[in-house]
Amino acid sequence: MAWALKLPLADEVIESGLVQDFDASLSGIGQELGAGAYSMSDVLALPIFKQEESSLPPENENKILPFQYVLCAATSPAVKLHDETLTYLNQGQSYEIRMLDNRKIGELPEINGKLVKSIFRVVFHDRRLQYTEHQQLEGWRWNRPGDRILDIDIPMSVGIIDPRANPTQLNTVEFLWDPSKRTSVFIQVHCISTEFTMRKHGGEKGVPFRVQIDTFKENENGEYTEHLHSASCQIKVFKPKGADRKQKTDREKMEKRTPHEKEKYQPSYETTILTECSPWPEITYVNNSPSPGFNSSHSSFSIGEGNGSPNHQPEPPAPIADVSHTSELMLVNLLPTSTPQEAQQWLHRNRFSTFSRLFRNFSGADLLKLTREDVIQICGPADGIRLFNALKGRMVRPRLTIYVCQESQQLRDLQQKHEDGDTVTSTFFVYHAIYLEELTAAELTEKLAQLFSISSQQISQIYKQGPTGIHVLISDEMIQNFQDESCFVLDTMKAETNDSYHIILK
(Lines give C-alpha, C1' and ligand atoms only; values in the text may rest on other atoms or scores of the structure.)
Protein backbone atom coordinates (compact mmCIF):
# COMPACT_ATOMS: atom_id res chain seq x y z
CA MET A 1 0.00 0.00 0.00
CA ALA A 2 1.55 3.31 -1.05
CA TRP A 3 0.30 6.71 -0.09
CA ALA A 4 0.89 9.73 -2.33
CA LEU A 5 -0.58 13.19 -2.05
CA LYS A 6 -1.23 14.67 -5.55
CA LEU A 7 -3.25 17.64 -6.67
CA PRO A 8 -6.09 16.85 -9.07
CA LEU A 9 -5.52 17.99 -12.64
CA ALA A 10 -8.29 20.62 -12.42
CA ASP A 11 -6.70 22.11 -9.30
CA GLU A 12 -3.33 22.33 -11.05
CA VAL A 13 -4.87 24.24 -13.97
CA ILE A 14 -6.65 26.65 -11.63
CA GLU A 15 -3.48 27.14 -9.60
CA SER A 16 -1.33 27.87 -12.68
CA GLY A 17 -3.94 30.39 -13.90
CA LEU A 18 -3.92 32.16 -10.55
CA VAL A 19 -0.14 32.41 -10.64
CA GLN A 20 -0.22 33.94 -14.12
CA ASP A 21 -2.89 36.47 -13.12
CA PHE A 22 -0.96 37.43 -10.00
CA ASP A 23 2.33 37.81 -11.88
CA ALA A 24 0.65 40.00 -14.50
CA SER A 25 -0.99 42.14 -11.85
CA LEU A 26 2.39 42.96 -10.29
CA SER A 27 3.26 45.29 -13.18
CA GLY A 28 0.48 47.69 -12.15
CA ILE A 29 1.76 48.25 -8.63
CA GLY A 30 3.19 51.73 -8.18
CA GLN A 31 1.79 53.26 -11.38
CA GLU A 32 0.08 55.98 -9.40
CA LEU A 33 3.52 57.30 -8.50
CA GLY A 34 3.79 58.98 -11.89
CA ALA A 35 6.86 59.06 -14.07
CA GLY A 36 8.95 57.33 -11.44
CA ALA A 37 6.71 54.29 -11.32
CA TYR A 38 8.35 50.88 -11.45
CA SER A 39 7.26 47.34 -12.08
CA MET A 40 7.37 44.91 -9.15
CA SER A 41 8.24 42.14 -11.61
CA ASP A 42 11.37 44.09 -12.57
CA VAL A 43 12.31 44.42 -8.93
CA LEU A 44 12.01 40.68 -8.37
CA ALA A 45 14.27 40.16 -11.39
CA LEU A 46 17.15 42.04 -9.74
CA PRO A 47 20.35 39.95 -9.25
CA ILE A 48 20.09 40.04 -5.45
CA PHE A 49 16.72 38.28 -5.55
CA LYS A 50 17.86 35.86 -8.25
CA GLN A 51 20.89 34.88 -6.16
CA GLU A 52 18.75 34.35 -3.06
CA GLU A 53 16.26 32.30 -5.05
CA SER A 54 18.99 30.10 -6.52
CA SER A 55 20.32 29.29 -3.05
CA LEU A 56 17.02 27.78 -1.99
CA PRO A 57 16.27 24.12 -2.68
CA PRO A 58 14.10 23.59 -5.76
CA GLU A 59 10.47 23.24 -4.83
CA ASN A 60 8.50 20.36 -6.23
CA GLU A 61 4.92 20.26 -5.11
CA ASN A 62 4.50 16.78 -6.55
CA LYS A 63 7.60 15.40 -4.82
CA ILE A 64 6.93 11.91 -3.49
CA LEU A 65 9.22 10.60 -0.75
CA PRO A 66 10.49 7.01 -1.11
CA PHE A 67 9.06 6.01 2.27
CA GLN A 68 6.38 7.27 4.59
CA TYR A 69 6.09 6.58 8.31
CA VAL A 70 2.77 6.98 10.12
CA LEU A 71 2.52 7.02 13.91
CA CYS A 72 -0.90 5.75 14.95
CA ALA A 73 -1.57 8.38 17.60
CA ALA A 74 -3.69 11.52 17.34
CA THR A 75 -2.12 14.95 17.03
CA SER A 76 -2.94 17.71 19.48
CA PRO A 77 -5.66 20.19 18.44
CA ALA A 78 -3.90 23.03 20.33
CA VAL A 79 -1.17 23.55 17.71
CA LYS A 80 -1.11 26.68 15.59
CA LEU A 81 -1.43 26.43 11.81
CA HIS A 82 2.20 26.91 10.81
CA ASP A 83 3.75 25.03 13.76
CA GLU A 84 4.86 21.43 13.71
CA THR A 85 2.36 18.85 14.91
CA LEU A 86 2.61 17.60 18.49
CA THR A 87 1.56 14.12 19.59
CA TYR A 88 1.03 12.92 23.15
CA LEU A 89 2.13 9.41 24.16
CA ASN A 90 1.69 7.41 27.35
CA GLN A 91 4.77 6.07 29.08
CA GLY A 92 5.38 2.39 28.30
CA GLN A 93 2.36 2.05 25.99
CA SER A 94 2.89 0.35 22.62
CA TYR A 95 2.26 2.60 19.60
CA GLU A 96 2.22 1.40 16.01
CA ILE A 97 4.38 3.05 13.34
CA ARG A 98 3.49 1.91 9.82
CA MET A 99 6.41 1.66 7.41
CA LEU A 100 5.03 2.45 3.94
CA ASP A 101 6.75 2.01 0.58
CA ASN A 102 5.96 5.25 -1.26
CA ARG A 103 8.19 4.87 -4.32
CA LYS A 104 7.14 5.63 -7.86
CA ILE A 105 7.38 2.90 -10.48
CA GLY A 106 11.04 2.47 -11.37
CA GLU A 107 12.35 4.51 -8.44
CA LEU A 108 15.22 2.96 -6.46
CA PRO A 109 15.14 -0.36 -8.33
CA GLU A 110 18.32 -1.46 -6.51
CA ILE A 111 16.34 -2.16 -3.32
CA ASN A 112 13.69 -4.29 -5.03
CA GLY A 113 13.62 -7.67 -3.38
CA LYS A 114 16.18 -6.53 -0.77
CA LEU A 115 16.03 -5.51 2.83
CA VAL A 116 16.64 -2.02 4.19
CA LYS A 117 17.59 -1.00 7.69
CA SER A 118 15.79 1.59 9.80
CA ILE A 119 17.17 3.13 12.98
CA PHE A 120 14.68 4.58 15.46
CA ARG A 121 15.75 7.25 17.95
CA VAL A 122 14.07 9.26 20.68
CA VAL A 123 16.00 12.52 20.94
CA PHE A 124 15.46 15.98 22.40
CA HIS A 125 13.56 18.60 20.43
CA ASP A 126 15.02 21.63 22.26
CA ARG A 127 18.45 22.71 21.04
CA ARG A 128 19.51 23.53 24.61
CA LEU A 129 19.06 19.89 25.61
CA GLN A 130 20.50 18.52 22.37
CA TYR A 131 23.94 19.86 23.28
CA THR A 132 23.87 18.07 26.65
CA GLU A 133 21.98 15.00 25.49
CA HIS A 134 24.71 12.53 26.43
CA GLN A 135 24.89 13.87 29.98
CA GLN A 136 21.08 13.96 30.27
CA LEU A 137 20.79 10.33 29.20
CA GLU A 138 23.61 9.25 31.51
CA GLY A 139 21.76 10.89 34.39
CA TRP A 140 18.59 9.07 33.40
CA ARG A 141 20.52 5.78 33.27
CA TRP A 142 21.83 6.45 36.79
CA ASN A 143 18.33 7.09 38.15
CA ARG A 144 16.72 4.20 36.25
CA PRO A 145 19.31 1.38 36.27
CA GLY A 146 18.47 -1.45 33.89
CA ASP A 147 15.74 0.49 32.06
CA ARG A 148 15.71 1.65 28.44
CA ILE A 149 14.29 4.84 26.98
CA LEU A 150 13.09 3.19 23.75
CA ASP A 151 12.02 -0.41 23.15
CA ILE A 152 10.35 -2.42 20.39
CA ASP A 153 7.27 -4.44 21.29
CA ILE A 154 8.39 -7.42 19.23
CA PRO A 155 5.30 -9.69 19.68
CA MET A 156 2.99 -6.99 18.28
CA SER A 157 5.30 -5.87 15.44
CA VAL A 158 4.86 -7.22 11.91
CA GLY A 159 7.48 -7.64 9.18
CA ILE A 160 10.57 -6.59 11.15
CA ILE A 161 13.69 -8.73 10.90
CA ASP A 162 16.61 -8.99 13.32
CA PRO A 163 15.62 -6.24 15.78
CA ARG A 164 18.56 -4.94 17.82
CA ALA A 165 18.95 -2.71 20.88
CA ASN A 166 22.44 -1.57 21.82
CA PRO A 167 22.75 -1.71 25.63
CA THR A 168 24.97 1.40 25.62
CA GLN A 169 22.44 3.48 23.63
CA LEU A 170 19.22 3.53 25.61
CA ASN A 171 17.35 5.73 23.12
CA THR A 172 18.09 3.77 19.92
CA VAL A 173 16.73 0.60 18.30
CA GLU A 174 17.09 -0.78 14.78
CA PHE A 175 15.83 -3.56 12.53
CA LEU A 176 15.67 -4.78 8.92
CA TRP A 177 12.50 -4.81 6.83
CA ASP A 178 11.29 -5.52 3.30
CA PRO A 179 9.60 -2.47 1.69
CA SER A 180 7.51 -4.73 -0.54
CA LYS A 181 5.83 -6.36 2.46
CA ARG A 182 3.56 -5.01 5.15
CA THR A 183 5.66 -3.69 8.01
CA SER A 184 4.50 -2.22 11.30
CA VAL A 185 6.71 -1.67 14.32
CA PHE A 186 5.30 -1.05 17.79
CA ILE A 187 7.48 1.16 19.95
CA GLN A 188 7.43 1.93 23.67
CA VAL A 189 8.89 5.09 25.21
CA HIS A 190 9.72 4.62 28.88
CA CYS A 191 10.89 8.10 29.87
CA ILE A 192 8.50 10.96 30.52
CA SER A 193 9.00 14.56 29.43
CA THR A 194 9.13 16.00 32.96
CA GLU A 195 12.13 13.83 33.88
CA PHE A 196 14.33 16.28 31.97
CA THR A 197 12.69 19.49 33.22
CA MET A 198 14.49 21.80 35.63
CA ARG A 199 12.69 21.53 38.98
CA LYS A 200 11.83 25.03 40.21
CA HIS A 201 8.39 25.65 41.61
CA GLY A 202 6.44 22.51 40.75
CA GLY A 203 4.04 21.97 37.87
CA GLU A 204 6.77 22.37 35.25
CA LYS A 205 5.94 21.65 31.63
CA GLY A 206 7.59 18.58 30.15
CA VAL A 207 10.18 18.92 27.42
CA PRO A 208 9.26 17.76 23.90
CA PHE A 209 11.04 14.82 22.27
CA ARG A 210 11.47 13.78 18.66
CA VAL A 211 10.95 10.33 17.19
CA GLN A 212 13.37 10.11 14.25
CA ILE A 213 13.63 7.28 11.72
CA ASP A 214 16.66 6.92 9.41
CA THR A 215 16.53 4.29 6.66
CA PHE A 216 19.57 2.88 4.82
CA LYS A 217 20.32 0.46 2.01
CA GLU A 218 23.23 -1.94 1.57
CA ASN A 219 26.50 -0.86 -0.03
CA GLU A 220 28.89 -3.04 -2.01
CA ASN A 221 30.31 -4.52 1.21
CA GLY A 222 26.90 -5.55 2.53
CA GLU A 223 26.84 -2.79 5.15
CA TYR A 224 23.72 -0.68 5.64
CA THR A 225 25.35 2.74 5.39
CA GLU A 226 23.86 4.37 2.26
CA HIS A 227 21.19 6.81 3.40
CA LEU A 228 17.76 6.63 1.76
CA HIS A 229 15.33 8.67 3.84
CA SER A 230 14.82 10.31 7.24
CA ALA A 231 11.69 11.60 8.92
CA SER A 232 10.65 12.68 12.41
CA CYS A 233 7.80 14.05 14.50
CA GLN A 234 7.45 15.91 17.78
CA ILE A 235 6.07 14.09 20.83
CA LYS A 236 5.55 14.55 24.55
CA VAL A 237 5.44 11.57 26.89
CA PHE A 238 3.25 11.46 29.99
CA LYS A 239 2.71 9.01 32.80
CA PRO A 240 0.18 6.23 31.99
CA LYS A 241 -3.16 7.72 30.84
CA GLY A 242 -1.69 11.21 31.13
CA ALA A 243 -1.58 11.62 27.33
CA ASP A 244 -5.32 10.88 27.11
CA ARG A 245 -6.09 13.48 29.78
CA LYS A 246 -3.88 16.06 28.06
CA GLN A 247 -5.55 15.41 24.70
CA LYS A 248 -8.97 15.84 26.32
CA THR A 249 -7.87 19.08 28.02
CA ASP A 250 -6.59 20.52 24.74
CA ARG A 251 -9.82 19.56 22.99
CA GLU A 252 -11.94 21.24 25.67
CA LYS A 253 -9.83 24.41 25.48
CA MET A 254 -10.31 24.57 21.73
CA GLU A 255 -14.09 24.13 22.08
CA LYS A 256 -14.22 27.24 24.26
CA ARG A 257 -12.50 29.39 21.63
CA THR A 258 -14.41 31.52 19.15
CA PRO A 259 -14.69 30.35 15.52
CA HIS A 260 -12.27 33.10 14.49
CA GLU A 261 -9.64 31.89 17.01
CA LYS A 262 -10.12 28.26 15.96
CA GLU A 263 -9.09 29.17 12.41
CA LYS A 264 -5.56 29.83 13.70
CA TYR A 265 -5.14 26.23 14.90
CA GLN A 266 -4.69 22.91 13.15
CA PRO A 267 -7.38 20.26 13.40
CA SER A 268 -6.54 17.12 15.34
CA TYR A 269 -5.64 14.24 13.00
CA GLU A 270 -6.15 10.62 13.99
CA THR A 271 -2.61 9.70 12.96
CA THR A 272 0.73 11.51 12.86
CA ILE A 273 2.67 11.55 9.59
CA LEU A 274 6.41 11.91 10.17
CA THR A 275 7.88 14.76 8.10
CA GLU A 276 11.11 14.59 6.14
CA CYS A 277 14.21 15.78 7.99
CA SER A 278 18.00 15.68 7.82
CA PRO A 279 19.65 12.33 8.59
CA TRP A 280 21.13 11.84 12.03
CA PRO A 281 24.83 12.84 11.99
CA GLU A 282 27.35 10.19 11.07
CA ILE A 283 29.93 9.03 13.61
CA THR A 284 32.66 10.80 11.61
CA TYR A 285 30.98 14.08 12.39
CA VAL A 286 30.99 13.22 16.08
CA ASN A 287 34.71 12.50 16.06
CA ASN A 288 35.63 15.78 14.41
CA SER A 289 33.54 18.22 16.42
CA PRO A 290 31.76 18.59 19.74
CA SER A 291 28.78 16.29 19.85
CA PRO A 292 25.37 18.01 19.86
CA GLY A 293 23.67 14.87 20.97
CA PHE A 294 23.89 11.19 21.80
CA ASN A 295 25.02 9.95 18.39
CA SER A 296 25.62 6.43 17.17
CA SER A 297 27.23 4.95 14.11
CA HIS A 298 24.93 3.56 11.43
CA SER A 299 27.21 0.52 11.32
CA SER A 300 27.04 -0.02 15.08
CA PHE A 301 25.72 -3.55 14.71
CA SER A 302 26.87 -6.46 12.63
CA ILE A 303 23.80 -7.96 11.00
CA GLY A 304 25.45 -11.34 10.59
CA GLU A 305 26.12 -11.76 14.29
CA GLY A 306 23.67 -13.76 16.32
CA ASN A 307 24.26 -12.22 19.72
CA GLY A 308 23.70 -8.62 18.75
CA SER A 309 27.02 -7.41 20.16
CA PRO A 310 28.00 -3.95 18.91
CA ASN A 311 31.04 -3.58 16.71
CA HIS A 312 31.49 0.07 17.53
CA GLN A 313 33.29 0.60 20.83
CA PRO A 314 32.82 3.77 22.87
CA GLU A 315 35.32 6.42 21.93
CA PRO A 316 38.13 6.60 24.53
CA PRO A 317 38.51 9.87 26.38
CA ALA A 318 40.81 12.42 24.85
CA PRO A 319 44.45 11.83 25.92
CA ILE A 320 45.74 14.24 28.49
CA ALA A 321 49.29 15.09 29.38
CA ASP A 322 50.91 13.43 32.38
CA VAL A 323 50.89 16.24 34.88
CA SER A 324 51.82 14.20 37.94
CA HIS A 325 55.35 15.66 37.85
CA THR A 326 54.54 19.02 36.31
CA SER A 327 54.13 21.37 39.21
CA GLU A 328 53.13 24.36 37.12
CA LEU A 329 50.05 22.52 35.81
CA MET A 330 48.93 21.10 39.14
CA LEU A 331 46.43 23.86 39.75
CA VAL A 332 44.11 23.56 42.70
CA ASN A 333 41.81 26.18 41.22
CA LEU A 334 41.27 26.90 37.55
CA LEU A 335 42.81 30.23 36.54
CA PRO A 336 41.44 32.75 34.02
CA THR A 337 44.74 32.50 32.14
CA SER A 338 44.41 28.72 31.64
CA THR A 339 44.48 27.60 28.02
CA PRO A 340 41.84 25.21 26.64
CA GLN A 341 44.36 22.36 27.02
CA GLU A 342 44.97 23.22 30.68
CA ALA A 343 41.21 23.53 31.20
CA GLN A 344 40.79 20.01 29.79
CA GLN A 345 43.45 18.69 32.16
CA TRP A 346 41.72 20.42 35.07
CA LEU A 347 38.40 18.80 34.12
CA HIS A 348 39.99 15.34 34.02
CA ARG A 349 41.81 15.79 37.34
CA ASN A 350 38.60 16.89 39.05
CA ARG A 351 36.53 13.96 37.69
CA PHE A 352 34.63 15.91 35.03
CA SER A 353 35.89 13.79 32.11
CA THR A 354 32.36 13.22 30.80
CA PHE A 355 32.09 16.94 30.04
CA SER A 356 35.55 17.33 28.48
CA ARG A 357 34.18 17.06 24.92
CA LEU A 358 31.41 19.56 25.67
CA PHE A 359 33.93 22.12 27.00
CA ARG A 360 36.52 21.21 24.39
CA ASN A 361 37.27 24.76 23.25
CA PHE A 362 36.66 26.52 26.58
CA SER A 363 39.56 28.36 28.20
CA GLY A 364 39.82 28.95 31.92
CA ALA A 365 38.22 32.37 31.51
CA ASP A 366 35.32 30.88 29.52
CA LEU A 367 34.56 28.31 32.21
CA LEU A 368 34.85 30.82 35.07
CA LYS A 369 32.36 33.15 33.37
CA LEU A 370 29.63 30.51 33.56
CA THR A 371 26.98 31.24 36.19
CA ARG A 372 25.58 28.64 38.53
CA GLU A 373 22.39 28.48 36.46
CA ASP A 374 24.42 28.01 33.25
CA VAL A 375 26.39 25.09 34.65
CA ILE A 376 23.30 23.37 36.08
CA GLN A 377 21.47 23.81 32.78
CA ILE A 378 24.38 22.27 30.85
CA CYS A 379 25.44 19.48 33.22
CA GLY A 380 22.31 18.77 35.23
CA PRO A 381 21.70 19.50 38.93
CA ALA A 382 24.11 16.99 40.52
CA ASP A 383 27.20 17.45 38.35
CA GLY A 384 26.37 21.10 37.71
CA ILE A 385 26.56 22.08 41.38
CA ARG A 386 29.73 20.04 41.82
CA LEU A 387 31.38 21.66 38.79
CA PHE A 388 30.33 25.16 39.86
CA ASN A 389 31.78 24.66 43.34
CA ALA A 390 34.99 23.31 41.84
CA LEU A 391 35.28 26.27 39.44
CA LYS A 392 34.83 28.74 42.31
CA GLY A 393 37.21 26.81 44.55
CA ARG A 394 34.54 26.17 47.15
CA MET A 395 35.68 23.50 49.58
CA VAL A 396 33.19 21.51 51.63
CA ARG A 397 33.28 22.74 55.20
CA PRO A 398 34.39 19.98 57.64
CA ARG A 399 31.98 18.89 60.32
CA LEU A 400 34.43 19.69 63.13
CA THR A 401 37.65 21.70 63.32
CA ILE A 402 39.97 21.62 66.35
CA TYR A 403 43.32 23.27 66.93
CA VAL A 404 46.17 21.47 68.73
CA CYS A 405 49.57 22.58 69.96
CA GLN A 406 52.54 20.74 71.54
CA GLU A 407 52.84 23.42 74.18
CA SER A 408 54.24 21.25 76.97
CA GLN A 409 57.72 21.02 75.44
CA GLN A 410 57.76 24.76 74.75
CA LEU A 411 56.76 25.51 78.36
CA ARG A 412 59.54 23.24 79.61
CA ASP A 413 62.04 25.11 77.44
CA LEU A 414 60.82 28.44 78.78
CA GLN A 415 61.00 27.22 82.36
CA GLN A 416 64.55 25.94 81.83
CA LYS A 417 65.64 29.31 80.42
CA HIS A 418 64.06 31.10 83.40
CA GLU A 419 65.87 28.81 85.87
CA ASP A 420 69.19 29.38 84.08
CA GLY A 421 68.74 33.14 84.47
CA ASP A 422 68.34 33.77 80.77
CA THR A 423 66.10 36.55 79.58
CA VAL A 424 62.72 35.16 78.57
CA THR A 425 61.54 36.87 75.41
CA SER A 426 57.91 36.94 74.36
CA THR A 427 56.97 33.98 72.22
CA PHE A 428 53.96 32.59 70.42
CA PHE A 429 52.74 29.04 70.15
CA VAL A 430 52.04 27.38 66.81
CA TYR A 431 48.77 25.46 66.53
CA HIS A 432 47.82 22.90 63.90
CA ALA A 433 44.30 22.57 62.50
CA ILE A 434 42.71 19.12 62.44
CA TYR A 435 39.58 18.63 60.33
CA LEU A 436 37.20 15.81 61.24
CA GLU A 437 34.42 14.42 59.06
CA GLU A 438 33.44 11.14 60.70
CA LEU A 439 33.67 12.44 64.30
CA THR A 440 35.14 9.20 65.66
CA ALA A 441 38.02 8.40 68.00
CA ALA A 442 39.63 6.32 65.25
CA GLU A 443 39.61 9.31 62.87
CA LEU A 444 41.16 11.57 65.54
CA THR A 445 43.82 8.93 66.20
CA GLU A 446 44.67 8.79 62.50
CA LYS A 447 44.89 12.59 62.19
CA LEU A 448 47.12 12.93 65.29
CA ALA A 449 49.37 10.14 64.00
CA GLN A 450 49.80 12.08 60.76
CA LEU A 451 50.63 15.20 62.77
CA PHE A 452 53.34 13.36 64.77
CA SER A 453 54.53 11.48 61.64
CA ILE A 454 54.04 8.13 63.34
CA SER A 455 51.84 5.11 62.74
CA SER A 456 48.36 5.16 64.24
CA GLN A 457 49.21 1.84 65.97
CA GLN A 458 51.77 3.70 68.08
CA ILE A 459 49.03 5.73 69.75
CA SER A 460 47.63 3.56 72.51
CA GLN A 461 44.95 5.82 74.01
CA ILE A 462 43.76 9.42 73.74
CA TYR A 463 42.57 11.16 76.90
CA LYS A 464 41.03 14.54 77.64
CA GLN A 465 42.07 16.23 80.84
CA GLY A 466 38.97 16.82 82.91
CA PRO A 467 38.17 18.52 86.23
CA THR A 468 40.79 18.17 89.00
CA GLY A 469 43.23 16.84 86.38
CA ILE A 470 41.51 13.52 85.75
CA HIS A 471 42.07 11.75 82.44
CA VAL A 472 38.85 10.95 80.57
CA LEU A 473 39.07 8.39 77.76
CA ILE A 474 38.13 9.95 74.42
CA SER A 475 35.06 8.30 72.82
CA ASP A 476 33.06 8.92 69.65
CA GLU A 477 30.28 10.53 71.66
CA MET A 478 32.73 12.91 73.35
CA ILE A 479 34.14 14.03 70.00
CA GLN A 480 30.64 14.61 68.67
CA ASN A 481 30.10 17.01 71.59
CA PHE A 482 33.30 18.99 71.03
CA GLN A 483 32.69 22.64 70.24
CA ASP A 484 33.83 23.66 66.78
CA GLU A 485 37.26 25.35 66.68
CA SER A 486 38.18 24.22 70.18
CA CYS A 487 41.85 24.58 71.17
CA PHE A 488 43.83 21.84 72.91
CA VAL A 489 47.36 21.44 74.21
CA LEU A 490 48.87 18.04 73.49
CA ASP A 491 50.93 16.16 76.04
CA THR A 492 52.40 12.71 75.46
CA MET A 493 53.18 9.91 77.89
CA LYS A 494 55.06 6.71 77.21
CA ALA A 495 52.88 3.64 77.54
CA GLU A 496 54.01 1.18 80.24
CA THR A 497 53.75 -2.06 78.28
CA ASN A 498 55.05 -1.33 74.78
CA ASP A 499 56.56 1.34 72.56
CA SER A 500 53.27 3.18 72.08
CA TYR A 501 52.16 6.51 73.52
CA HIS A 502 49.24 8.02 75.38
CA ILE A 503 48.10 11.45 74.18
CA ILE A 504 46.39 13.87 76.53
CA LEU A 505 44.31 16.81 75.32
CA LYS A 506 44.45 19.68 77.82
(request) Taking only region 203-217 into account, find how many residues are of a type in the set (D, E, K, R) and at pLDDT 90 or above. (result) 3
(message) Between a residue in region 479-502 that is within 18 Å of residue 469 (Cα to Cα) and any residue that is assigned to a loop (DSSP other than H, G, I, E, B) and open to solvent by less than 70 Å² (accessible area, probe 1.4 Å), which pairs come within a Cβ distance under 7 Å, given they are 6 or more apart or on different chains?
(response) 502/495
(request) Name the one entry in 299, 309, 289 that is crowded, with 16+ Cβ neighbours inside 10 Å, closer than 29 Å to residue 164 by Cβ, modelled with pLDDT under 50 and small (Gly, Ala, Ser). (result) 299
(message) Checking the condition among the aliphatic types (A, V, I, L, M), assigned by the TED database to the domain that holds residue 244 and at pLDDT below 90, which residue from 89, 137, 100 passes?
(response) 137
(request) Search region 377-407 for residues being out of contact with any Leu (no Cβ under 6 Å at 6 or more places or on another chain), in contact (Cβ under 8 Å) with a residue 60 or more places away in the chain and open to solvent by 60 Å² or more (accessible area, probe 1.4 Å), and hand back the single one that is nearest to residue 486 (Cα to Cα). (result) 403
(message) With the structure loaded, tell me whether residue 491 is over 28 Å from residue 397 (Cβ atoms) and open to solvent by less than 80 Å² (accessible area, probe 1.4 Å) or whether it fails that test.
(response) yes
(message) I'm trying to understand the selection: among the residues of region 235-277, which are touching a helix residue (DSSP H, G or I) at 6+ places or on another chain (Cβ under 8 Å), among the basic types (Lys, Arg) and modelled with pLDDT of 90 or more?
(response) 236
(request) Hey, could you check region 103-134 for residues that are modelled with pLDDT under 85 and among the acidic types (Asp, Glu) and say which is farthest from residue 381 (Cα to Cα)? (result) 107
(message) Of everything in region 357-376, what is crowded, with 18+ Cβ neighbours inside 10 Å and either free of Cβ contacts under 8 Å to residues at least 60 places away in the same chain or part of a helix (DSSP H, G or I) (or both)? Give them in sequence order.
(response) 359, 362, 363, 364, 367, 370, 375, 376
(request) For residue 449, indicate whether it is in contact with a Ser or Thr (Cβ under 9 Å, 6 or more places away or on another chain), open to solvent by 50 Å² or more (accessible area, probe 1.4 Å) and not in a strand (DSSP E or B). (result) no
(request) Quick one: which residue in 195, 174, 218 is among the charged types (D, E, K, R), over 25 Å from residue 74 (Cα atoms) and surrounded by 14 or more Cβ atoms within 10 Å (Cβ to Cβ)? (result) 218
(request) Report whether or not residue 252 is loosely packed, with under 14 Cβ neighbours inside 10 Å, of a type outside the set (Ser, Thr, Tyr) and under 30 Å from residue 65 (Cβ atoms). (result) no
(request) Consider residue 226 carefully, then state whether it is free of Cβ contacts under 8 Å to residues at least 12 places away in the same chain and under 20 Å from residue 119 (Cβ atoms). (result) yes
(message) Quick test of your reading of the structure: residue 157 fulfils all but one of (1) in contact (Cβ under 8 Å) with a residue 60 or more places away in the chain; (2) open to solvent by less than 50 Å² (accessible area, probe 1.4 Å); (3) of a type in the set (Ser, Thr, Tyr). Name the failing condition by number.
(response) (1)
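Just checking, does region 223-234 include any residue being modelled with pLDDT of 85 or more, among the polar types (S, T, N, Q) and over 24 Å from residue 95 (Cβ atoms)?
yes
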(request) Would you confirm whether any residue within region 28-37 is at pLDDT below 85, polar (S, T, N, Q) and more than 47 Å from the chain's Cα centre (by Cα)? (result) yes
(message) Within region 135-142, does at least one residue satisfy the condition of being part of a helix (DSSP H, G or I), open to solvent by 50 Å² or more (accessible area, probe 1.4 Å) and in contact with a strand residue (DSSP E or B) (Cβ under 8 Å, 6 or more places away or on another chain)?
(response) no
(request) Filter region 429-446 down to the residues that are outside any helix (DSSP H, G or I) and not hydrophobic (A, V, I, L, M, F, W, C), then identify the one that is least open to solvent (accessible area, probe 1.4 Å). (result) 440
(request) Look at residue 500 and say whether it is more than 19 Å from residue 403 (Cα to Cα), out of contact with any helix residue (DSSP H, G or I) (no Cβ under 6 Å at 6 or more places or on another chain) and modelled with pLDDT under 85. (result) no
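The values are calculated or read from the model by the stated rules, or taken from the named source; none is laboratory data. These figures come from a predicted structure and were not determined experimentally. Positions of Cβ are backbone-derived with ideal geometry, glycine not excepted, and every protein chain shown enters the neighbour counts. Heads up: the accessible areas ignore ligands, DNA and RNA and are worked out on the full protein's heavy atoms, side chains in. Shrake-Rupley method; radii C 1.70, N 1.55, O 1.52, S 1.80 Å.
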